[in-house]
Amino acid sequence: MSKKFRAAVVQMKSSEDKERNLAYSVKLINEAAKRKARLICFPEFQMAYSPAEQRSRSLHRIAEKITGNFVSTLSNSAKQNKINVIATMYEIININEKNQKVFDTGIVINEFGKIQSIYRKVHLYDALGFKESKKLLAGSIIEKPSKMDFGNLGLLICYDMRFPEISRILTVNGANILVSPSAWVAGFMKKVHWEIMVRARAIENGVYVIAPNQVGNIYCGHSMAIDPFGVTILDMKNRQGIEFIDIDTAKIDATRRTLPLLMNRRTDVYRNHIDVFGSKL
């Protein structure tokens, strides 16, 4: 059955000022609702930009609990505007914790202002000269997709995009729209990698992929949205702000009928090689 809806994609240059970023986020939620969007997707590090020289202790002071002001303000805005929000934050579980590291957390807030899902980034960006694990804690759970009236949302974050297992797990658990809030660092071949993998995750799973990205600072922009057949329906290039896409979930079923990749999987064969997931290369 076809379910058409409008989604808003945010490409922002987060500052180190949490309150400034929050005020900007609320402004964009209001704008998205006025434009009849049912969903608004923010990038990774929406709460604040964390420069390389920032120590974990300083980031810990910025971070909040899920019950803190940052999420509460976004939840109230979602409720007032009757719009679903995908947001990101630095999360602390225990304020008095000796370990000063925080979680890189994505949150699905429904149109009633209720938290529907909390996902803590599983794959930390310890690659290409970066080491997120110096300041961040890795999550250990791939959350089940959030069931919305317009589709099932699967949430992953940035570096997770490089690992096809997480997108496939979300898809076989029912996701037909994958959202990947990101802060993709610019650099040699990085934009190319970004574009290829965002499109590949859509094609191999027959899903929509929405990938809002940071722009400026050290990030490459090019927030994207891809349809289930791999067609690029949005590329924000270096523009900061908000863009809108129209999604028709009927395309998901139509694509999966003509390109039945999920149906043609040989799980009977894969099971004989399942130990490969435990191997170290």
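Structure above, values below:
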{"item": "Failed item in (1) in contact (Cβ under 8 Å) with a residue 12 or more places away in the chain; (2) within 18 Å of residue 161 (Cβ to Cβ); (3) surrounded by fewer than 21 Cβ atoms within 10 Å (Cβ to Cβ), with residue 196 passing the rest", "result": "(1)"}
{"item": "Single condition residue 151 does not satisfy, out of (1) small (Gly, Ala, Ser); (2) under 30 Å from residue 33 (Cβ atoms); (3) surrounded by fewer than 19 Cβ atoms within 10 Å (Cβ to Cβ)", "result": "(3)"}
{"item": "Filter pass, residue 82 being touching a helix residue (DSSP H, G or I) at 6+ places or on another chain (Cβ under 9 Å) and on the phi > 0 side of the Ramachandran plot", "result": "yes"}
{"item": "Qualifying positions in region 81-124 - out of contact with any strand residue (DSSP E or B) (no Cβ under 8 Å at 6 or more places or on another chain) and among the aromatic types (Phe, Trp, Tyr)", "result": "112"}
{"item": "Residue in region 238-245 that is part of a helix (DSSP H, G or I) and either at pLDDT below 95 or farther than 21 Å from residue 155 by Cβ (or both) present", "result": "no"}
{"item": "Listing of strands (runs of 3 or more DSSP E) fully contained in region 135-183 that carry 3 or more residues being of a type outside the set (Lys, Arg) and either touching a helix residue (DSSP H, G or I) at 6+ places or on another chain (Cβ under 7 Å) or touching a residue at least 40 places away in the same chain (Cβ under 8 Å) (or both)", "result": "151-155, 177-179"}
{"item": "Search result, residues across region 49-97 that are assigned to a loop (DSSP other than H, G, I, E, B) and touching a Leu at 6+ places or on another chain (Cβ under 8 Å)", "result": "50, 83"}
{"item": "Of all residues in region 1-26 being part of a strand (DSSP E or B) and more than 18 Å from the chain's Cα centre (by Cα), the one that is surrounded by the fewest Cβ atoms within 10 Å (Cβ to Cβ)", "result": "4"}
{"item": "Filter pass, residue 142 being surrounded by 24 or more Cβ atoms within 10 Å (Cβ to Cβ), β-branched (Val, Ile, Thr), under 18 Å from the mean Cα position of the chain (by Cα) and under 30 Å from residue 228 (Cβ atoms)", "result": "no"}
{"item": "Checking residue 47 against (1) in contact (Cβ under 8 Å) with a residue 60 or more places away in the chain; (2) touching a Lys or Arg at 6+ places or on another chain (Cβ under 6 Å); (3) closer than 12 Å to residue 90 by Cβ, the condition it does not meet", "result": "(1)"}
{"item": "Residue 32 in contact with a helix residue (DSSP H, G or I) (Cβ under 6 Å, 6 or more places away or on another chain), within 25 Å of residue 234 (Cα to Cα) and either at pLDDT 95 or above or not in a loop (DSSP other than H, G, I, E, B) (or both)", "result": "no"}
{"item": "Members of region 113-139 found to be surrounded by 17 or more Cβ atoms within 10 Å (Cβ to Cβ) and of a type in the set (Asp, Glu), listed by number", "result": "132"}
{"item": "Selected residue (criterion: nearest to residue 182 (Cα to Cα)) from residues of region 95-129 that are out of contact with any Lys or Arg (no Cβ under 9 Å at 6 or more places or on another chain) and at pLDDT below 95", "result": "129"}
{"item": "Pairs, first free of Cβ contacts under 8 Å to residues at least 24 places away in the same chain in region 103-129, second not aromatic (Phe, Trp, Tyr), C-beta under 8 Å, six or more apart", "result": "126/132; 126/133"}
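Okay, residues lined up against (1) closer than 25 Å to residue 216 by Cβ; (2) at pLDDT below 95; (3) surrounded by fewer than 16 Cβ atoms within 10 Å (Cβ to Cβ):
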| site | (1), (2), (3) |
| --- | --- |
| 28 | yes, no, no |
| 58 | yes, yes, yes |
| 64 | yes, no, no |
| 72 | no, no, yes |
| 89 | yes, no, no |
| 93 | no, yes, yes |
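The values are calculated or read from the model by the stated rules, or taken from the named source; none is laboratory data. Worth saying up front: this structure is predicted, and the values here are computed from it rather than measured. So basically every Cβ, Gly included, is an ideal-geometry build from the backbone, and we count neighbours across all protein chains shown.
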